[in-house]
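Here's the structure, in structure tokens; my notes come after.
The values are calculated or read from the model by the stated rules, or taken from the named source; none is laboratory data. Source: prediction; values computed, not measured. When we count neighbours, we look across all protein chains shown, and the Cβ atoms used for this are built from the backbone with ideal geometry, even at glycine.
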Amino acid sequence: MTGPSPANQPSLTRVDWSSIPAPVDDGAAAHLTGARLPDLALPSTTGGTVRLADLAGWGVLYFYPMTGRPDQPLPEGWDMIPGARGCTPQSCAFRDHAAELAEAGVAALYGISTQDTAWQREAAERLHLPFPLLSDAGLHLTRALNLPVMEVGGHRLIRRLTLITRDGVVQQVFYPVFPPDRNAGDVLDWLRRR
């Protein structure tokens, strides 16, 4: 899991997270600790599919609502939806910590949303992500794991959460995730303490 040097990575404007409403823990992810990943194959931005049930060793799956695109407006009121804002900062933080996560034993790192693979591929390339994004556009994984969701602009989006798995079984759940750009560091701290 290596990526471009920091000089080649897109820079991000710092977000004042105090001006964004924080999500609350509504208990919608409490059932996930100990859950086995279902035998589903999700399309990957690097081509082909990834079968999550086959993940061996430590894995990190971070779920995010949606990435925006520079040429497309975000849904109206996006910044004021608790937990919506921050998909790009979260992905960039995982990008920036990818090598450290690998050193901590993570064999598989994936970002997952309900956006289609073409939309995700644009984000993965623009952000220089050294790991694939996986599409659950059909909501098969979302339904199988009963993931927390929100409806925005007629689209069903996964609420931001992160799962640490070992051999396909969820060991740790981060939910809600806020601020998003700190999530990768929190995951790394948990792995180093285990």
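Inside region 37-95, residues that are under 21 Å from Leu191 (Cβ atoms) and free of Cβ contacts under 8 Å to residues at least 60 places away in the same chain make up a count of 1.
Within region 139-162, one or more residues are among the aliphatic types (A, V, I, L, M), part of a helix (DSSP H, G or I) and touching a residue at least 40 places away in the same chain (Cβ under 8 Å).
Right, Ala28: in contact (Cβ under 8 Å) with a residue 40 or more places away in the chain and either assigned to a helix (DSSP H, G or I) or touching a strand residue (DSSP E or B) at 6+ places or on another chain (Cβ under 8 Å) (or both) or not? Here the answer is no, as Ala28 does not meet what is asked. When each of Asp181, Asp186 is tested for being under 22 Å from Asp79 (Cβ atoms), of a type in the set (Asp, Glu), touching a residue at least 12 places away in the same chain (Cβ under 8 Å) and not in a strand (DSSP E or B), the lone residue that passes is Asp181.
When residues in region 49-94 are screened for being within 25 Å of His155 (Cβ to Cβ) and in a loop (DSSP other than H, G, I, E, B), 20 of them pass. Restricted to region 16-33, and to residues that are farther than 15 Å from Leu147 by Cα and polar (S, T, N, Q), which residue is surrounded by the fewest Cβ atoms within 10 Å (Cβ to Cβ)? Top of the filtered list is Ser18. Scanning region 95-131 for residues that are part of a loop (DSSP other than H, G, I, E, B), out of contact with any Gly (no Cβ under 9 Å at 6 or more places or on another chain) and buried (at least 17 other Cβ atoms within 10 Å of the Cβ) returns Ala104, Gln115, Leu127. Within region 146-169, restricting attention to residues that are over 15 Å from the mean Cα position of the chain (by Cα) and crowded, with 17+ Cβ neighbours inside 10 Å, the residue that is modelled with the highest pLDDT is Gly168.
For region 34-52, the set of residues classified as more than 23 Å from Arg126 (Cβ to Cβ) and surrounded by fewer than 13 Cβ atoms within 10 Å (Cβ to Cβ) consists of Gly34, Asp39, listed by residue number.
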